[in-house]
1. Right, D52: within 16 Å of the ligand (Cβ to nearest atom), at pLDDT 95 or above, over 19 Å from the mean Cα position of the chain (by Cα) and farther than 30 Å from H360 by Cβ or not?
2. Which of the residues spanning the range 244-257 are in a helix (DSSP H, G or I) and crowded, with 21+ Cβ neighbours inside 10 Å?
3. Does V208 satisfy the condition of being buried (at least 17 other Cβ atoms within 10 Å of the Cβ), farther than 25 Å from E19 by Cα and within 16 Å of the ligand (Cβ to nearest atom)?
4. Being within 20 Å of the chain's Cα centre (by Cα) and within 7 Å of the ligand (Cβ to nearest atom) is the filter here; which residues of the range 1-23 pass it?
5. When the range 189-205 is examined, which residues are found to be within 13 Å of the ligand (Cβ to nearest atom) and within 20 Å of I118 (Cβ to Cβ)?
6. Filter the range 27-49 down to the residues that are near the ligand (Cβ under 9 Å from one of its atoms) and not in a helix (DSSP H, G or I), then identify the one that is surrounded by the most Cβ atoms within 10 Å (Cβ to Cβ).
7. Residue by residue through the range 258-276, note down the ones that are of a type in the set (S, T, Y), touching a residue at least 40 places away in the same chain (Cβ under 8 Å) and assigned to a loop (DSSP other than H, G, I, E, B).
Amino acid sequence: MSSECPKRILNGPCGGGSEGYCEVDGRVCPWVKLFKSSKGHLPKAFTEIILDRGFKIRNYKPQKRTPLSSLMSKIANGKLVLTYEVETGKGKDINSILTLVKELKEYFDAFNFTDNPIGVIECDPLPIAYTVMRELNVDVIPQITCKDRNRAALTSYILSVIALGIRNIIVTTGDWPHLGGSRYVKPVFDLDSVRLVYLVRLVSDLGVDFSGRRLNTKGKIVHVGVAVNPHFKPLELELLKLKKKIKAGAEFAQTQPVYSYEQGERFIKALKEYKINIPIILTLTPINTEMVRLLEEKLKIPLPSTYKSVLRKCTSWEDTLNYNLEYFTKLVSELTSLDISGFHIITFGNIVLAREIAKHVKG
Ligand code: SF4
């Protein structure tokens, strides 16, 4: 299977495929093909963690851990949490990031820092997240993907996260790096998200790396989050993959953006049907009319027709802001009735919007 997949994934389809087609070469994703042809007799690759020969410790089964970060403690106590996504930028001054987080820190429980989203090159999230944590005393969640680093570099990154006292991380397989604009960037994909989750747990729980070499990290907890796409087709395949991530040691999941109560409700119902139990943080991303195409065509995120049509009628920045304020404050009020652990808010640096949505969540 991995030989047919450009990202050499061993554990089910990546989030980059859309409606069964590969984001890299447009062919039918072999994972989707295999899934459709094997209904009722799913091969192990859909249900068991598949590790390659480089993993010398293969029988470790990560267990539930006592929450250590402030974010995970709040989730464990049943509090609805709010996280905010910070773009690390193309070299903007760290002070502008600090100013943004300072403005929002009383409203949000943790701040995510992206790792070259859609292959677009930005600052490394780790030093930025660390600086924000140290300067402002907030909980942070740097992201890490498999696209630019091999397993040695990924291990080094995990070690640094632990050494710096950061207590949460989000791991994903990552987008194909050419999407960011240059075909000369070498895609790495030495691991996939499931193997990376497992690697984090090996390092954090047992104090060993993929090859079983001893490290000084045994019992030093870093909580692992993952991504999940409520719009993936077929959704069953995405849920099978989420189950594998949980088996590998994932402790919370953040979704792709949702835009209606129905989208959120359908997804939460499906999780229950598949007996999946992991704290779910729903992502909300207010956009402007220019972003409609990106979301619908590239990311395959369905937008409700009323939302799109009102956005198109907005003639100024203020109109768009006001409409998004009205739309998302209503939406969060509805979505809080679902069995979720919180919301992840992306406003691309818009402080007013972020604050108002947060105020509605916190009441
Ligand atoms: S969509 Fe993802 S998993 Fe499927 S073949 Fe393409 S890169 Fe591999």
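1. yes
2. Scanning the range 244-257 gives K244, K245, A248.
3. No; evaluated as a whole, the condition is false for this residue.
4. K7, I9, P13, C14, G16, G17, C22, E23
5. Listed by number, the residues that qualify are F189, D192, S193.
6. Among those residues, the one meeting the criterion is C29.
7. Listed by number, the residues that qualify are Y259, S260.
The values are calculated or read from the model by the stated rules, or taken from the named source; none is laboratory data. What you see is a predicted model, and the numbers here were worked out from it, not measured in a lab. Backbone-built Cβ (ideal geometry, glycine too); neighbour counts: all protein chains shown.
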